[in-house]
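Enquirer: Below is one structure. I have some questions about it.
The values are calculated or read from the model by the stated rules, or taken from the named source; none is laboratory data. On a predicted model such as this, the values are computed, not experimentally measured, just so you know. Methodologically, a virtual Cβ is constructed for each residue, glycine included, from the backbone with ideal geometry; neighbour enumeration extends over all protein chains shown. Remember, those area values only see protein heavy atoms, side chains included, never the ligands or the DNA or RNA. Shrake-Rupley method; radii C 1.70, N 1.55, O 1.52, S 1.80 Å.
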Amino acid sequence: MNPINLQSPIAYLKGVGPNRADALKSELGVHTYQDLLNLFPNRYLDKTQYYKINQIQRSSAEIQVVGKITDIRSVGQKRGKRLEATFIDDTGSMQLVWFRGQKWIKENLRINVPYVVFGKPNYFNGSFSMPHPEMELLTEHQKGLKIHMQPIYPSTEKLSNKGVTNKVISRAVQQLFLDTKARFTETLPQSIRDHYKLLPKDESLLNIHFPKSQELLSKAQFRLKFEELFYIQLQLITKKILRKQKIKGFTFDQVGTHFNTFFKEHLPFELTNAQKKVLREIRADMGSNAQMNRLLQGDVGSGKTIVALMSMLLALDNGFQACLMAPTEILATQHYHGLLELLQPLDIPIALLTGSTKKKQRTHIHEHLESGELPILIGTHALLEDKVKFNNLGLAIIDEQHRFGVAQRAKLWKKNHTPPHVLVMTATPIPRTLAMSLYGDLDISVIDELPPGRKPIKTVHRFDANRLKVFGFIKDEIKKGRQVYIVYPLIQESEALDYKDLMDGYESIARDFPQPDYQISIVHGKMKAEDKEYEMDRFVRGETQIMVATTVIEVGVNVPNASLMIIESAERFGLSQLHQLRGRVGRGADQSYCILMTGFKLSNEAKTRLDTMVATNDGFKIAQVDLELRGPGNLMGTQQSGVLNLRIADIVKDRDILATARNFASKLLADDPSLEKPENQMVRHTYMALAKHGNIWTYIG
Ligand code: ADP
Ligand code: MG
């Protein structure tokens with residue numbers, strides 16, 4: 001046990017005091033000894049290495065150099081006033097620079113005496129300088145304790161201005177280790193540690209702050225990352241288990257007439273193995289007496305709709321209603337027409353409810369829904385309105401979930417006394433590790449196979465200068481009877497400009513593709529719903545060959561005869577959006593193409609995005625690149641989740657550790673769901689504290 005209480009306020013620690021404590025609290029959230037202990041260094045300085053001045057690179061991080069000061073002077077005026085010293089070794093010279101504390105420094109620095117300086121070199125006009133270096137006389141440096149790797153702690157400008165330098169933090173941590181005799185409570189049981197060869201807690205903490213070697217540092221990092229991910233996964237999986245135990249769902253134990261008739265007589269194609277697998281998973285879920293909460297991931301065009309329909313038929317066979325909610329009116333309408341056609345032979349009533357549904361029709365729907373005469377409802381957010389009451393909603397399906405918030409999902413639940421089964425479908429593949437963290441409390445099904453006979457879409461990148469050739473290609477495709485999308489970016493911030501681009505583009509296309517040989521549809525967000533629908537319809541029916549649009553057509557729209565997707569200013573789209581757009585073609589039997597149009601000037605990131613699109617059609621690979629490019633913070637859904645609060649693990653780089661930790665957590669819970677076994681008491685104790693504090697590092701220690 002610790003000889004001191006780790007919950008003590010940080011101000012009590014020797015060498016900290018009230019002023020520094022305030023800065024630590026406000027800048028780094030360090031309130032207690034414990035917080036300081038769990039403030040892990042961002043990186044380490046290799047103290048075994050000394051640089052010569054002529055070895056310094058423009059990319060150098062903090063380095064240490066041995067040399068002498070030959071001359072000190074004040075330069076500049078007023079605010080630009082600074083102290084500069086020329087620092088030399090036997091290979092060259094650089095400037096040391098100070099903006100603060102100039103008087104004291106000038107009085108204390110010694111000329112022509114060997115110093116060791118640490119700092120980050122800056123490059124300007126052909127020479128290097130080092131602002132505010134840490135300085136130590138070489139003689140002192142040689143006497144001091146040998147530290148091979150100096151920890152570099154997170155810092156802010158305010159902190160260093162208040163004198164809380166890296167040295168100060170590092171000394172405070174040393175003090176903490178002295179006071180506690182470097183003994184800390186273990187939080188992972190021996191069995192886990194043995195299994196994964198993890199360092200004990202004390203040794204990990206010691207080596208994360210003061211690594212004895214690179215090897216021990218790696219081991220310490222591994223142990224702490226494992227611990228962090230293990231407890232988060234334990235929490236997510238427990239949530240899932242609790243939901244299954246507590247929330248009783250409707251039991252759909254019948255596979256009845258609707259499902260069977262449809263399956264045997266009206267299925268328009270044979271299901272892929274992946275579709276069958278997923279349907280089995282859904283059936284098993286809805287057949288148990290727990291509420292289903294399942295995420296269905298499947299790349300664009302993988303055939304999620306039919307899975308949704310058949311799940312709805314299961315609900316109907318068991319005497320329940322079902323609904324499907326889509327994020328846009330176009331999508332909801334298209335789902336409605338598609339499902340209407342599939343359901344025709346079964347004679348099952350189905351209705352569409354959106355913002356533009358007429359009052360009379362709306363009232364009719366409300367009544368029939370409440371009486372139970374209407375078994376299937378398709379719609380937009382309009383489904384969430386309070387007036388929409390079901391007789392007995394058994395299954396709610398949400399398409400393209402990343403557009404709906406968690407709160408909206410919850411609202412659907414509340415439509416019944418017993419929450420309906422929920423199936424969330426997304427076409428934006430989420431890398432496995434991220435899915436485990438974001439949706440770790442949901443069950444996940446994946447359709448990882450496309451219907452047979454699909455030809456991979458050929459994707460190319462073309463510069464605007466080649467537009468004429470591209471137009472020629474469009475004409476060739478249209479001659480073959482195919483249809484073409486031309487998509488323009490629409491980004492909120494520059495909406496007016498974007499509309500101008502869209503309209504200019506439309507006019508130039510109209511000039512190059514004149515009537516009556518060519519017919520053009522245009523769809524954008526500023527149009528009335530009925531006009532949009534009219535234009536969409538003409539394209540769906542093949543009356544127009546070209547669809548000029550903004551990203552409103554991004555999700556779900558299905559026109560199998562369309563074989564060419566042109567994306568204008570493609571560098572302005574994110575990867576997942578590009579992938580979604582491309583997914584609008586390649587839905588029929590013909591070879592399809594996607595052409596990414598850009599100007600010559602491209603950022604490196606934009607180049608990577610375009611190259612990735614050209615290289616692969618695999619949505620999961622694209623999602624992984626997206627995650628690596630942008631980090632989890634910019635991906636849908638991450639904001640509300642805890643993945644951004646990870647202290648030491650990295651959701652992108654540490655995916656193997658995450659998988660291992662999750663695996664272990666789920667085995668442990670399968671064996672001992674309420675953590676009652678004696679050998680699991682340490683886990684239980686830590687877990688309870690986690691549940692209480694929310695953040696794992698405020699209590700682990
Ligand atoms: P998404 O997963 O993107 O929602 P859809 O459900 O819209 O995909 O299906 C895309 C297209 O593939 C549709 O035209 C659909 O009829 C067709 N399709 C779905 N499953 C199969 C299958 N097993 N065999 C052949 N075609 C299929
Ligand atoms: Mg779809």
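Enquirer: Just to confirm, what accessible area per residue do you get for the chain at 1.4 Å probe, in whole Å²?
Expert: Numbers: 33220 Å² over 701 residues.
Per-residue accessible area for the chain comes out at 47 Å².
Enquirer: Rounded to the nearest 10 Å², what accessible area does GLU628 have for a 1.4 Å probe in the complete protein model?
Expert: Its accessible surface works out to 110 Å², give or take rounding.
Enquirer: Rounded to the nearest 10 Å², what accessible area does SER74 have for a 1.4 Å probe in the complete protein model?
Expert: For SER74, the solvent-accessible surface is approximately 60 Å².
Enquirer: Please give the helix 329-343 orientation as an angle from the longest Cα principal axis of the chain, in degrees from 0 to 90, rounded to the nearest 10.
Expert: So the helix axis and the longest Cα principal axis differ by about 50 degrees.
Enquirer: Calculate for the chain the 222 nm mean residue ellipticity that helices alone would give, adding -39,500 (n - 2.57) per DSSP H run of length 4 or more and normalising by residue count, nearest 500 deg cm²/dmol.
Expert: Result for the chain: -12500 deg cm²/dmol, rounded to the nearest 500.
Enquirer: For segment 257-447, what percent of Cα pairs sit more than 31 Å apart?
Expert: Details: 1997 of 18145 pairs.
Looking at segment 257-447, the distances longer than 31 Å represent 11 percent of pairs.
Enquirer: Between SER603 and ASN260, what is 0.36 nm times their sequence separation minus the Cα-Cα distance? Round to one decimal in nm. Walk me through the numbers before you get to the answer.
Expert: On the way: separation 343, 0.36 × 343 = 123.48 nm, distance 5.42 nm.
Between SER603 and ASN260, full extension yields an extra 118.1 nm.
Enquirer: Roughly how big is segment 49-146's charge dipole about its Cα centre, with Cβ charges of +1 (Lys, Arg) and -1 (Asp, Glu), in debye to the nearest 20?
Expert: Numbers: 15 positive and 9 negative charges, 93 e Å.
Computed about the Cα centre, the dipole is about 440 debye.
Enquirer: How high is the FRET efficiency between LYS677 and ALA284 when r is their beta carbon distance and R₀ equals 30 Å, given to the nearest 0.05?
Expert: Values: r = 28 Å, r/R0 = 0.95.
For R0 = 30 Å, the calculated efficiency reads 0.60.
Enquirer: Given the C-alpha atoms of segment 298-346, compute the convex hull and give its volume per residue in Å³.
Expert: On the way: hull volume 4.2 nm³, N = 49.
Hull volume normalised by residue count: 85 Å³.
Enquirer: For LEU393, which sequence-distant residues (separation of 5 or more, or a different chain) have an amide H within less than 5 Å of its own amide H, given hydrogens modelled in the peptide plane?
Expert: Here GLN321 satisfy the definition.
Enquirer: Name the residues whose placed amide hydrogens come within less than 5 Å of the amide hydrogen of LYS47, ignoring near sequence neighbours (fewer than 5 apart) on the same chain.
Expert: MET149, GLN150
Enquirer: Pop out the Kirkwood hydrodynamic radius of the chain from its pairwise C-alpha distances, inverse of mean 1/r, in Å to one decimal. It would help to have the intermediate numbers written out before the result.
Expert: Numbers: mean 1/r = 0.0334 Å⁻¹.
Taking the inverse mean of 1/r over all distinct Cα pairs, the chain comes out at 29.9 Å.
Enquirer: Taking amide hydrogens as modeled 1.01 Å from N in the peptide plane, which residues meet the under 5 Å criterion relative to LEU296, leaving out close sequence neighbours?
Expert: Close amide H contacts, sequence-distant or interchain: VAL424, MET425, THR426, SER445.
Enquirer: Which distance in Å, rounded to a whole number, links the C-alpha centroids of segment 30-71 and segment 456-480?
Expert: 54
Enquirer: Counting only Cα, what are the radius of gyration and maximum Cα-Cα distance Dmax of segment 458-616, in Å?
Expert: Rg then Dmax for segment 458-616, in Å: 14.6, 43.
Enquirer: Could you tell me how far the Cα centroid of segment 247-285 sits from the Cα centroid of segment 151-229, in Å?
Expert: With segment 151-229 and segment 247-285 each reduced to a Cα centre, they are spaced 52 Å.
Enquirer: With axes computed from alpha carbons, what is the tilt in degrees of helix 604-615 against the longest principal axis of the chain, rounded to the nearest 10 within 0 to 90?
Expert: The two axes meet at around 40 degrees.
Enquirer: Next question. Can you find, among ALA510, GLN580, THR550, the residue sitting farthest towards the positive end of the charge dipole of segment 458-616, where Lys and Arg contribute +1 and Asp and Glu -1 at Cβ?
Expert: Of the candidates, GLN580 comes out farthest on the positive side.
Enquirer: Quote to one decimal, in nm, the extra length available between LYS277 and SER494 on full extension: 0.36 nm per residue of separation minus the C-alpha distance between them. Write down the numbers at each step before the final one.
Expert: Working: separation 217, 0.36 × 217 = 78.12 nm, distance 4.46 nm.
In short, 73.7 nm is gained.
Enquirer: Between ARG462 and GLN55, what length comes free when the chain is fully extended (0.36 nm per residue of separation minus the Cα-Cα distance, one decimal in nm)? Please report the intermediate quantities before stating the final value.
Expert: On the way: separation 407, 0.36 × 407 = 146.52 nm, distance 4.28 nm.
Value of the extension gain: 142.2 nm.
Enquirer: Could I ask something else about it? Treating only the Cβ atoms of Lys and Arg (+1) and Asp and Glu (-1) as charged, compute the dipole magnitude of the chain about its Cα centre; round to the nearest 20 debye. Walk me through the numbers on the way to the answer.
Expert: On the way: 92 positive and 76 negative charges, 426 e Å.
Dipole magnitude for the chain comes out near 2040 debye.
Enquirer: I'd like the Karplus ³J(HN,Hα) series for segment 274-282: coefficients 6.51, -1.76, 1.60, θ = phi - 60°, whole numbers in Hz, and an x wherever there's a Gly or Pro.
Expert: In residue order, the calculated couplings are 5, 5, 4, 4, 5, 4, 4, 5, 5 Hz.
Enquirer: Please work out the Kirkwood hydrodynamic radius for segment 49-146, using every pair of different C-alpha atoms, and report it in angstroms with one decimal place. Walk me through the intermediate numbers first.
Expert: Details: mean 1/r = 0.0725 Å⁻¹.
Kirkwood hydrodynamic radius for segment 49-146: 13.8 Å.
Enquirer: Given a 1.4 angstrom probe, I'd like the percentage of the accessible area of the chain that is carbon and sulfur, rounded to a whole number. Please list the in-between numbers first.
Expert: On the way: 17030 of 33220 Å².
Using a 1.4 Å probe with all protein chains present, the chain comes out at 51 percent carbon and sulfur.
Enquirer: While we're looking at this one, here's another question. So if we plug the beta-carbon distance of THR156 and LYS358 into 1/(1 + (r/R0)^6) with R0 = 56 Å, what FRET efficiency do we get, rounded to 0.05?
Expert: Details: r = 58 Å, r/R0 = 1.03.
Working from the Cβ atoms, E equals 0.45.
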